Amino acid sequence: MTAFSATASGKIILFGEHAVVYGQPAIAVPVNIVQARAVVTAAPRSPAGAVHLMAPDVGLDTLLADLPADDPLVLAITLTASQLNIPRLPAMEIRLTSTIPVAAGFGSSAATSIALIRALAAFIGQRLSQAVVSDLAYQVECRHHGNPSGIDNTVITYGRPVYFVRGQPFEPLEPAQPLTLVIGDSGVQSSTGAVVADVRRLHEAQNEQTQAAFQSMGELARQARTLIQAGQVDELGRLMNRNHALLRSLTISSPELDRLVDAALAAGALGAKLSGGGRGGNMIALVTEPSAGAVEKALRSAGAVRTWVTTVNAKCKG
Ligand code: PMV
């Protein structure tokens, strides 16, 4: 039986999480060392419309019809079927696996949707443009998370560093020098939707201060874009530290994340900050390649449950 499979990588946010929800620019990069995968195969012995979903990592083994209508997997499948003009899906089995930690700031929900949308379209025998894949994943995120900026679905669909402003076409970002990042997972799961909702309440209660912090974060993202394009990596680290301080001032950090950020800096990182929704999940440290091992070790001693080293490649010169 032919299997149609597709993958989507994780992502991290280098600058501007939360501020991006309020129209400020942000920078995100894909992380290919963690991936979501969807594999779709026909199930000719099952009746038309019977979609069997399996996600062994999370103990899911069910018929699509038995899941609630607002489940993100149901949404991804029904929105894709409607985009492909398929009123009744052929019987199929969908197997989802992922090495992306959930609720950790890696964009795992968007990556799962994107792998699923792509594999389903391949199974049906139609091609979807990147823009349509990204938009379908955005629609799933909207119903799932409330008020997403669209940065996760964009960076994961296009699989390249992006400078992103909500509601505008993204700008691909090409680093002049490779960026080596150490990612540390605090091990604390945190719901991005809940933190975004808290930040909204803060924004309502303390509008001027919150707005000023967002504007400063936007300014950092603009400066970071220039530094990344110019290959000025040391200065970029300092901007990350300032971004973390601003996120802290808005209560988006946590003692665990602060401890990891401090440990990374003490071990020689050029800069460090939380990444993603905050209050848990990941932090990132920008490092020189030789110091990556020492920073990883320091993060683990300071409580990181997992660490990864990833490199954002420089543009090809030629
Ligand atoms: O927690 P993550 O990796 O999904 O990142 C969320 C980023 C936010 O700016 C907090 C929300 C958004 O929609 O941009």
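For region 101-124, state whether one or more residues are at positive phi, assigned to a loop (DSSP other than H, G, I, E, B) and modelled with pLDDT of 95 or more.
No: zero hits.
Just to be sure before I move on: is GLU219 surrounded by 15 or more Cβ atoms within 10 Å (Cβ to Cβ), of a type in the set (D, E, K, R), assigned by TED's automatic domain parsing to the domain that holds ALA304 and under 15 Å from LEU14 (Cβ atoms) in the structure I sent?
Yes.
Can you pull out the residues in region 36-57 that are in a strand (DSSP E or B) and either touching a Gly at 6+ places or on another chain (Cβ under 7 Å) or among the aliphatic types (A, V, I, L, M) (or both)?
Scanning region 36-57 gives ALA36, ALA38, VAL39, VAL40, ALA42, VAL51, LEU53, MET54, ALA55.
Scan region 126-138 and give yes if some residue there is within 9 Å of the ligand (Cβ to nearest atom), under 29 Å from ASP185 (Cα atoms) and of a type in the set (Phe, Trp, Tyr), otherwise no.
no
Can we say PRO148 is in a loop (DSSP other than H, G, I, E, B) and either surrounded by 24 or more Cβ atoms within 10 Å (Cβ to Cβ) or touching an Asp or Glu at 6+ places or on another chain (Cβ under 6 Å) (or both)?
In short, yes.
When the residues of region 42-74 are filtered to those that are in contact (Cβ under 8 Å) with a residue 60 or more places away in the chain and more than 19 Å from the chain's Cα centre (by Cα), which remaining residue is surrounded by the fewest Cβ atoms within 10 Å (Cβ to Cβ)?
ASP70
Let me confirm something: among GLN215, GLN223, which residue is part of a helix (DSSP H, G or I), touching a residue at least 24 places away in the same chain (Cβ under 8 Å) and farther than 28 Å from THR112 by Cβ?
Just a single option satisfies the conditions, and that option is GLN215.
Applying the selection to region 1-27, what residues are in a strand (DSSP E or B), among the aliphatic types (A, V, I, L, M) and modelled with pLDDT of 95 or more?
ALA6, ALA8, ILE12, ILE13, LEU14, ALA26, ILE27
Against the condition farther than 22 Å from GLY150 by Cα, of a type in the set (Val, Ile, Thr), more than 16 Å from the ligand (Cβ to nearest atom) and buried (at least 17 other Cβ atoms within 10 Å of the Cβ), how does VAL309 come out, does it pass?
No; evaluated as a whole, the condition is false for this residue.
Given the options ASP234, ASP198, ASP258, ASP262, name the one that is within 12 Å of the ligand (Cβ to nearest atom) and either part of a helix (DSSP H, G or I) or outside the structural domain of HIS18 (by TED's automatic domain parsing) (or both).
ASP198
The values are calculated or read from the model by the stated rules, or taken from the named source; none is laboratory data. Please read these numbers as outputs of a predicted model, since none were measured by experiment. Virtual Cβ from ideal backbone geometry, glycine too; neighbours counted across all protein chains shown.
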